[in-house]
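Before any comments, here is the structure.
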Amino acid sequence: MTRPKSKSKKKSGVVDFKKRKVKIGRRLPPPKNSTNTEVKSKAIILPEQSVAADKAGLAVNKKGLTLKELLQQTSHHSAKVRRDALMGIKDLFSKHPEELTSHKYRVVEKLRERISDDDKVVRKSLYDLFKLVILPSCKEDNQELITSLMMAYIFNAMTHLAVDIRFMAFDFLDLTLEYYPPSFSSYAEKIFQNYEDILRKNQYHLQDREKLKDTFAGLVRCLSLLPWNKEETDLQNKDDIGQRVLHAFEADNSMSSTGFSHIIMKLKDLVAILVNSFREFTTSFNAKENLEGRSFGCMSSILHSIDLIVRSFVYGIDKKSECTSSQGGANAAIWDVSVSSTFLKKLFPLFPLDPGHGLPQKDYDRLLDLNLVIAKIFFELNEWICLPPFLLEKFLEFLENALLGKFGRAAQSGKAVWEKHLVQLLRFIPKFLSRGASDWTSRLLWAFTQTFKESKPGSLLKLACLSAMEDMLTPIQSMLSWETNNPQNVELQKALCAWIEELPLLLIQLGDKHPTCSLALVRLQLHIGQRALLNSALICVCDNMQNSLQEFYSTCHGEHISFGPFLRLPRESQELSLCCLYYFSHLDLPILKSLAGCCLSPDLDPYLLFRTIEILHSAYKDGHIDIADYLSVFITLVLRFKVSPEVGDAGLKRDAQCKTLKSMTAVLCSYMEQIGNNSLVLQIIEKVIIDQIVLKPSLDNSCSLLRMLVTVDNKPTRLSELSIITLGPCLSAYLMDAMQLIQEDGEEQCIPSNRLSTIYYLLPCFLLFDRCHKLMGYVLKTMGSAITESSLSLKNDNDTQHMGNCLTRVNSVVSVLVLMHKDAKLQQIMYEFKEDIDNIIHEVCLLKSYERISRKVEVQHKIQCALDRLNILTR
């Protein structure tokens, strides 16, 4: 039997789990038991709680960030934030420079961490920040501390795995040394070690030439900072302005001998690396069609570095002191072997550089530049090591072609390159000549002379030629004194004569526009003159320079004087050119006139005036000037020396000119006395001076002429009767003019207050009166006649001006007589000419009795005062 089915009935409308139908594309609703995690909040705004209020009074950049915040951001993980922070610091320092002044050490200490930054833009921004802002502001601070803060991180970056960071580290090193060069001596060994490490990586040569070019340039800077390379650096600064700035500095004595030896060894290792690098570059451009600009820059810097290293050993080592120790001797031996082998086997065989295929013209100019530097290295090295003769022949031939301007395939544009390097090659010619005569002596001298003639006046090449000439004088003189019959002596003398003939013309061409070149030229002239006294063959050639030198000093066209460039040169050049005059075997009258004309210039320094007179006196004593010409120069100076006639404000100038003329007259009179034969001197100058006094020159010039005459005259006078008769009227007019000028200066009509001036002007006449009584009689007669003429002119003419002139003349005559009477010797002489004095008194009395005078009370009073003073003489 089957079990019967149970009948279960479900309640309708009741479901335990309701299943929802979801349409496609719609999101499921959240479950009912889900927890809502949304949090809602509202901002609470409180006053006095702003961040900007916390920065009130602090220096901020345009984004409102302080220096502390910006420095913190430089360490941010984001490169963009670090870049923005560096730009913000630059902006902050530009707006608030005092922030940098106050926190510079803290800034440097923090920013130095970015030298090894992974981001290229960050490193470049940091470099610009140091270069443009931070380091320029630290010039007057403790630069040694700043350098020490920088160097540790720079050296760390030089060992970084990333090549870009390593190259950039050398840029930072270059920048640091630019602003503080003395720091180089403290880190030299480590610096060269890092250069050696990075230059050993040959793969950089092909893929990073632009970066390597900057590295080589930095190496040139470091080598130029060695103390013994300073002179070379200065010369390159003049030659290469705008292309490479090499900062020189004072030699740092902190470099010990031990440290120096280590540096020398580092430099030895660098030479081999540099030569190998140079060979790789030559290989690369020989295989190409042209020489790349970046490759040329690297090759040029390599050669300059090698040149400076060679100079470091040739001029930087005191071989005597180094060889006293076994270590120093060993170092020198190592250098001799290794360096000579490197140059002989690897560098010099490449000379002259020529790829053997066609190149653009610009590349030939570049090759000329490189060949000239290699030649300089060779001649520099040849002073230290005796190089093989066949190499010397090859380089001497190149030097001869370089002197003659034979550029090969280089264009005319290569002339600038030629001049730049030839300046440095010229100094090896004197050193070559100092080794003695050879077959190359005449060839090099002839080529050198052509270079000297064709170079532009005032150029650096012309200046270098003058310097080389000065250095060649000693070896040439030695060779001339050895064998007088040697055919090479003729060539040497020809070269010297060619130089001497060019010097005066060049001196005039230079004018005052090239003072450095002019100074070198006159110094060369002086040394040639000193050596010419020992060589009879050169005396005639040197004397012939006088005609050409006239235009240099001055030229006279009648009364007009055209002054040459001598007056516009610096004092040192002027004095040297004057010293040259002493060494002429004979000074002719034309050059003496030219000198005298130059001395008459108001622009000439009085010191140089007296220096000229001193040199002429020395030349006369040694027999280089005829006595007549010598005295003629003296008379010309005192006769034509102009003294400004103005008084008042311009009187200051007149006083200075008067003082100069008085001092010059005293010196000339002293030199005339030193001649020793006053009778002969008086015989030469008497007629000349009397003739000039008759022409009535200015009062000061007349006084100087009279003083010269009195200096060589004796008591009783040796003047001729004709001279005495001629002097009478002249001295009468001179005395009245002198008293009139002195009275105007003293603002008195009686005896002047300026007694020193009175004595100076009247003393020569009083001395002549004492030596020749007859001359006093002529003067007194002329004075009486002068008053008579004034009275007649006043009687015939009613002009007021004539009355004033007449009164002035009377006062002048009376003042002269009173001063003469005060002198004891002249007082006795005046008794001999009482009639002439009475005649003067009589003429004054007649003048007082004139009706026109009697009507003018003031004038009559002045004449009466004059009569009262004259009556003293009669008593």
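The values are calculated or read from the model by the stated rules, or taken from the named source; none is laboratory data. These numbers come from a predicted model, not from an experiment. Methodologically, a virtual Cβ is constructed for each residue, glycine included, from the backbone with ideal geometry; neighbour enumeration extends over all protein chains shown. All accessible areas refer to the heavy atoms of the entire protein, side chains included, with ligands and DNA or RNA removed. Shrake-Rupley method; radii C 1.70, N 1.55, O 1.52, S 1.80 Å.
Observations
- Every residue from the stretch 416-441 that is free of Cβ contacts under 8 Å to residues at least 12 places away in the same chain, over 26 Å from the mean Cα position of the chain (by Cα) and part of a helix (DSSP H, G or I): Asp439
- Boolean, Phe343 is touching a helix residue (DSSP H, G or I) at 6+ places or on another chain (Cβ under 9 Å), modelled with pLDDT of 85 or more and surrounded by 14 or more Cβ atoms within 10 Å (Cβ to Cβ): no
- Considering only residues in the stretch 581-627 that are aromatic (Phe, Trp, Tyr) and outside any helix (DSSP H, G or I), the one that is most open to solvent (accessible area, probe 1.4 Å) turns out to be Tyr583.
- So Glu140, is it open to solvent by less than 20 Å² (accessible area, probe 1.4 Å) and among the charged types (D, E, K, R): no
- Every residue from the stretch 526-542 that is of a type in the set (A, V, I, L, M, F, W, C) and open to solvent by 30 Å² or more (accessible area, probe 1.4 Å): Leu533, Leu534, Ala537, Ile539, Cys540
- None of Gln493, Gln574, Gln546, Gln530 is modelled with pLDDT of 90 or more and in a helix (DSSP H, G or I) except Gln574.
Rundown of residues vs (1) farther than 26 Å from Ser284 by Cβ; (2) out of contact with any Lys or Arg (no Cβ under 7 Å at 6 or more places or on another chain), yes/no style:
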site: Pro355; (1), (2): no, yes
site: Tyr364; (1), (2): no, no
site: Ile374; (1), (2): no, yes
site: Ile377; (1), (2): no, yes
site: Glu380; (1), (2): yes, no
site: Phe390; (1), (2): yes, yes
site: Phe395; (1), (2): no, yes
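- Selection status of Leu145, closer than 25 Å to Asp197 by Cα and either among the aliphatic types (A, V, I, L, M) or in contact with an Asp or Glu (Cβ under 8 Å, 6 or more places away or on another chain) (or both): no
- Those residues of the stretch 378-401 which are of a type in the set (A, V, I, L, M, F, W, C), under 32 Å from the mean Cα position of the chain (by Cα) and at pLDDT below 90, in sequence order: Leu381
- Residue within the stretch 18-31 that is touching a strand residue (DSSP E or B) at 6+ places or on another chain (Cβ under 9 Å) and either modelled with pLDDT under 85 or under 22 Å from Ala157 (Cβ atoms) (or both) present: no
- Which listed residue, of Leu444, Leu473, is part of a helix (DSSP H, G or I), at pLDDT 85 or above and under 30 Å from Gly511 (Cβ atoms): Leu473
- Matching residues in the stretch 819-834 - criterion: being assigned to a helix (DSSP H, G or I) and open to solvent by 20 Å² or more (accessible area, probe 1.4 Å): Leu819, His821, Lys822, Ala824, Lys825, Gln827, Gln828, Tyr831, Glu832, Phe833, Lys834
- Neighbours by Cβ (under 6 Å, 6+ apart or cross-chain): first from the stretch 475-492, closer than 17 Å to Leu534 by Cα; second open to solvent by 20 Å² or more (accessible area, probe 1.4 Å) and modelled with pLDDT under 70: Met479/Ala437
- Taken as a whole, the stretch 649-672 holds no residue that is open to solvent by 40 Å² or more (accessible area, probe 1.4 Å) and not in a helix (DSSP H, G or I).
- Test for Leu680: is it open to solvent by less than 30 Å² (accessible area, probe 1.4 Å) and either touching a helix residue (DSSP H, G or I) at 6+ places or on another chain (Cβ under 8 Å) or on the phi > 0 side of the Ramachandran plot (or both): no
- Test: residue in the stretch 130-137 that is outside any helix (DSSP H, G or I) and buried (at least 16 other Cβ atoms within 10 Å of the Cβ): no
- Evaluated against (1) closer than 23 Å to Cys465 by Cα; (2) within 22 Å of the chain's Cα centre (by Cα), Leu608 falls short on exactly one condition, (1).
- When the stretch 402-439 is filtered for residues that are under 29 Å from Pro355 (Cα atoms) and at pLDDT 85 or above, the ones remaining, listed by number, are Ala402, Leu403, Leu404, Leu422, Val423, Gln424, Leu425, Leu426, Phe428.
- Residue match in the stretch 835-847 (condition: closer than 18 Å to Leu731 by Cβ, modelled with pLDDT of 80 or more, touching an Asp or Glu at 6+ places or on another chain (Cβ under 7 Å) and in a helix (DSSP H, G or I)): no
- The requirement of being open to solvent by 20 Å² or more (accessible area, probe 1.4 Å) and either at pLDDT 90 or above or β-branched (Val, Ile, Thr) (or both) is not satisfied by Leu161.
- Within the stretch 118-129, the residues that satisfy the criterion of being assigned to a helix (DSSP H, G or I) and not aliphatic (A, V, I, L, M) are Lys120, Arg123, Lys124, Ser125, Tyr127, Asp128.
- Residue within the stretch 155-176 that is in contact (Cβ under 8 Å) with a residue 60 or more places away in the chain, of a type in the set (A, V, I, L, M) and either part of a loop (DSSP other than H, G, I, E, B) or within 25 Å of Met299 (Cβ to Cβ) (or both) present: no
- Verdict on Ile685 being within 15 Å of Leu709 (Cα to Cα), touching a helix residue (DSSP H, G or I) at 6+ places or on another chain (Cβ under 6 Å) and touching a residue at least 24 places away in the same chain (Cβ under 8 Å): yes
- Which listed residue is in contact (Cβ under 8 Å) with a residue 40 or more places away in the chain and open to solvent by less than 10 Å² (accessible area, probe 1.4 Å), from Gln546, Gln550: Gln546
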